[in-house]
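Enquirer: Below is one structure. I have some questions about it.
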Amino acid sequence: MNQNAVEIRALEKHFPRFKLGPLDLTVPQGVIYGLIGPNGAGKTTTLDLIFGLGDPDAGAIKVLGLDHRRDEVAVKRQAAYASPDASFRAWGTGRKLIRFVSGFYPAWDEAYCEKLLAELHVNPDEKITALSSGSRVKLGVIIALAWHPKVVVLDEPAAGLDAISKQQVFAELLAAVQDEERTVIVSSHALTDLERFADHIGMIKNGQLLLEGPTCRIVERFKLLDFVSEDGAAFVSADGVFIQRHERNQWQAMVDTERHTMESLASRGARQISATPMTLEDIFVALGKD
Amino acid sequence: MKLLLIDFLRRWWGLYLTIFLILSLVEAIEMSFQPHARAEFLVVGFFTFPLWFDLARGSVGVTTTLPVSRKTLGLYYFVLTVCVPVILLMLVTAVATQVFNAAIVFSWTDFVFVALGALVAAGTYSLLGSFRPAEMAGFANMIWYAALFGSIALETSCHDPWAWLGLIFLGLPATAWAFVRSEKLIVGRARNRPDSTPKARKAILPARHSAVRPPSPIPFFADRIRTGFVAAVILAVVIVFCKWKANQNLIFGMGMFLFVGSFPIWGGLRLIRTLPLSTNHLALWLLLTPLCILAPVFLVFAVLPVFAPGDFSPARVASLLILAAGTGSLPNGFSVRFGLAGGYASMTLLLLSFVAVANEVPIASIPAIVGWLLGLALYCVGFFLMRRGLCCSDSYQARKDTVFS
């Protein structure tokens, strides 16, 4: 049972002003996978394509070993999707929406649903239009979790949530992964939370996968180095060195330690090197810059 | 699909029933003044309103995530856009003829023609509705109007063999294509994103404006006038193709439908609300929108006398224009306060009222000066509604309705 939850191979999708891919992505089972990237990088498009909302121009997507198009219904029976773009207004109240959706899932867990509603402070009897945008997002997450799907795909689950709600949502996702071996794929800009909760991170920029791997390894991989050097050009052009700022001979750069060691930088003329650990957000900002 | 249909009908049965009762009544009244049965294909579109409302509320964003194939979803929407409206229209026709006007002879040929016409009209609407919202906001929206007007044209030629041929060779393929494309409707709307936003932004936001100079309304109105011109050209083609002898009531009715063209700005109201414009200024912009769309259309009718002398005088056309635009400003005003649903609901009521009285009070019999005064009075009411709506905090709320535009 070592198959991956989601496997994306050579995925491509062309838009008039944007091209996604070729993209390869692997999401192992039983993890929280954080998909991050600047706005317009292709995160939501990727998630939509995983879920069959749109057809890819090339490539293959497998969810739990099933082809996302050929086995569309089988995939949807095991995977849930919550998007902040989904509007529930047509059902009037959350209760009616839940009643409707629950009819499609034999595994719907009413008690669990009620528990989530109570914990996340969503009143299902209130009109959808009267709910705050954060509550609507939470309602989408609850509906996605309440039937114990094997894969949960969440697009921006933290959008519009306050800090407390954000913590609660991520804690629920963590519980789901720990208790039930579910896989959660989250696209989010809440990088501090992702760093704490996500096991794996994939970063997309301009439709291309920039880096992918376990969160702790990614955070350890990049270091912020301050050093003195008379010849900055040697670093500006170097692969894996991202200059953050410099003033005369003082330099600060994010360095990919898999490509450069302190010694290799020293051999290029860097002196007085001091390293500082980076947060996921720091790494994201440094890599996301054009 | 059964669950989807049951849920949909449970949520919208009230609206279906309301439309059914009103249409039955209107048709019955209309037919009582006619010596023969009528074939109102136009009204089949009313039965698609519940679905459009549902789509506008973003329901597809939920249904696409359910364990149901896209094909099934496509079929579900085809049933709701084509099959259900046609069945209900046939019921309306049956009630209007057999219950209220038993004396009218309604042959099987009439019955088949109405069913075929309704199927084709509903199929055409469904087909055009399957295009992406961005397209719907532009050219395809205009074709939608043309199809609508074409169906009115067909209404007047029930026993014309050309109408039968047109229905079979043009309408049926369109309906079949609609069936094929119904899946696209789902995919196109699945993400419920305001796809038209870049276009709307381009049209609404002036290209250059400084902090001290107020935004120029010219690009905004130019876009509306362009929309109207496209509609006018297509309309002219339909009229010529159908050899349709226009009457002024129908022209006014068409003008009413063109107000749909101003819908895109409703979805983008939050955006234009952020522009450095006073409430009065903005209300004026919105108020002039129906006029900008209607003007080119009525221009076509103003030119028609050149080709068909004796049909209309320019003064008559101008009075019709102001009257129709004034009427159109009412749903516009309601939409600002109550959103798209309010706009559509008030437009439906206005249209039904119009259909009810049109045959009894031909617009041609209204003096031009009355048309002008009534139109201006309606404009004032529209302006008042618009201003009230803009002052209300609800108009600031984000609306996902843009997808409908």
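Enquirer: Check whether at least one residue in the stretch B:11-27 is modelled with pLDDT under 80 and not assigned by TED's automatic domain parsing to the domain that holds B:Ala345, and report yes or no.
Expert: Scanning the stretch B:11-27, I find at least one residue that is modelled with pLDDT under 80 and not assigned by TED's automatic domain parsing to the domain that holds B:Ala345, so the answer is yes.
Enquirer: Can you pull out every residue in the stretch A:125-139 that is over 15 Å from A:Glu110 (Cα atoms) and part of a helix (DSSP H, G or I)?
Expert: If the condition is that a residue be over 15 Å from A:Glu110 (Cα atoms) and part of a helix (DSSP H, G or I), then A:Ile128, A:Thr129, A:Ala130, A:Ser133, A:Gly134, A:Ser135, A:Arg136, A:Val137, A:Lys138 are the ones that fit.
Enquirer: Now a separate question. Please determine whether any residue of the stretch B:1-18 is β-branched (Val, Ile, Thr), within 12 Å of chain A (Cβ to nearest Cβ) and either in a helix (DSSP H, G or I) or touching a residue at least 60 places away in the same chain (Cβ under 8 Å) (or both).
Expert: Within the stretch B:1-18, one or more residues are β-branched (Val, Ile, Thr), within 12 Å of chain A (Cβ to nearest Cβ) and either in a helix (DSSP H, G or I) or touching a residue at least 60 places away in the same chain (Cβ under 8 Å) (or both).
Enquirer: Return the residues of the stretch B:51-87 that are facing another protein chain (nearest Cβ under 10 Å) and assigned to a helix (DSSP H, G or I); say none if nothing qualifies.
Expert: B:Phe53, B:Asp54, B:Leu55, B:Ala56, B:Val60, B:Gly61, B:Val62, B:Thr63, B:Arg70, B:Lys71, B:Thr72
Results for (1) more than 21 Å from the chain's Cα centre (by Cα); (2) farther than 18 Å from A:Trp91 by Cβ, shown as yes or no for each residue.
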position	(1), (2)
A:Ala118	yes, yes
A:Asn123	yes, no
A:Val137	no, no
A:Val151	no, yes
A:Val177	no, yes
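Enquirer: Does the stretch A:266-278 contain at least one residue that is assigned to a strand (DSSP E or B), in contact with a helix residue (DSSP H, G or I) (Cβ under 6 Å, 6 or more places away or on another chain), crowded, with 16+ Cβ neighbours inside 10 Å and not assigned by TED's automatic domain parsing to the domain that holds A:Arg77?
Expert: Within the stretch A:266-278 (the criterion being assigned to a strand (DSSP E or B), in contact with a helix residue (DSSP H, G or I) (Cβ under 6 Å, 6 or more places away or on another chain), crowded, with 16+ Cβ neighbours inside 10 Å and not assigned by TED's automatic domain parsing to the domain that holds A:Arg77), the answer is yes, since at least one residue qualifies.
Enquirer: A follow-up question, please. Are there strands (runs of 3 or more DSSP E) fully within the stretch A:145-219 with at least 3 residues that are surrounded by fewer than 21 Cβ atoms within 10 Å (Cβ to Cβ)? List them.
Expert: Correct list: A:208-214.
Enquirer: Return yes when A:Ala74 is surrounded by 18 or more Cβ atoms within 10 Å (Cβ to Cβ) and either facing chain B (nearest Cβ under 10 Å) or touching a residue at least 40 places away in the same chain (Cβ under 8 Å) (or both) and no when it is not.
Expert: no
Enquirer: Tell me whether the stretch B:303-313 contains one or more residues that are at pLDDT 70 or above, in contact with a helix residue (DSSP H, G or I) (Cβ under 9 Å, 6 or more places away or on another chain) and either assigned by TED's automatic domain parsing to the domain that holds B:Phe221 or surrounded by fewer than 22 Cβ atoms within 10 Å (Cβ to Cβ) (or both).
Expert: yes
Enquirer: Is there a residue in the stretch A:117-124 that is more than 8 Å from chain B (Cβ to nearest Cβ), part of a helix (DSSP H, G or I) and either buried (at least 22 other Cβ atoms within 10 Å of the Cβ) or in contact (Cβ under 8 Å) with a residue 24 or more places away in the chain (or both)?
Expert: Yes - at least one qualifying residue is present in the stretch A:117-124.
Enquirer: Additional query: Quick check: anything in the stretch A:264-273 closer than 11 Å to A:Lys223 by Cα and either of a type outside the set (Lys, Arg) or over 35 Å from the mean Cα position of the chain (by Cα) (or both)?
Expert: So far as the stretch A:264-273 goes, no, none of its residues is closer than 11 Å to A:Lys223 by Cα and either of a type outside the set (Lys, Arg) or over 35 Å from the mean Cα position of the chain (by Cα) (or both).
Enquirer: For the stretch A:81-108, which positions are assigned to a strand (DSSP E or B) and facing chain B (nearest Cβ under 7 Å)?
Expert: Selection gives A:Tyr81 alone.
Enquirer: Now for a different question. Assuming A:Glu281 fulfils every condition listed in (1) within 14 Å of the chain's Cα centre (by Cα); (2) at pLDDT below 85 apart from one, which condition is it?
Expert: (2)
Enquirer: For the stretch A:52-76, enumerate the residues that are more than 21 Å from A:Pro157 (Cα to Cα) and among the charged types (D, E, K, R).
Expert: A:Asp55, A:Asp57, A:Lys62, A:Asp67, A:Arg69, A:Arg70, A:Asp71, A:Glu72
Enquirer: Run B:Met136 past the list (1) in contact with a helix residue (DSSP H, G or I) (Cβ under 6 Å, 6 or more places away or on another chain); (2) modelled with pLDDT under 75 and report the number of the one that doesn't hold.
Expert: (1)
Conditions tested, residue by residue: (1) modelled with pLDDT under 85; (2) under 14 Å from the mean Cα position of the chain (by Cα); (3) part of a strand (DSSP E or B); (4) more than 8 Å from chain B (Cβ to nearest Cβ).
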| residue | (1), (2), (3), (4) |
| --- | --- |
| A:Gln3 | yes, no, no, yes |
| A:Ile8 | no, no, yes, yes |
| A:Pro22 | no, no, yes, yes |
| A:Gln29 | no, no, no, yes |
| A:Leu47 | no, yes, no, yes |
| A:Leu53 | yes, no, no, no |
| A:Ala60 | no, no, yes, yes |
| A:Arg70 | yes, no, no, yes |
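Enquirer: Would you say A:His200 is within 22 Å of the chain's Cα centre (by Cα) and touching a residue at least 12 places away in the same chain (Cβ under 8 Å)?
Expert: Yes; evaluated as a whole, the condition is true for this residue.
The values are calculated or read from the model by the stated rules, or taken from the named source; none is laboratory data. All figures in this text were calculated on a predicted structure; none of them were measured in a lab. Here the Cβ is made from the backbone with ideal geometry for all residues, glycine too, and neighbour counts use every protein chain on show.
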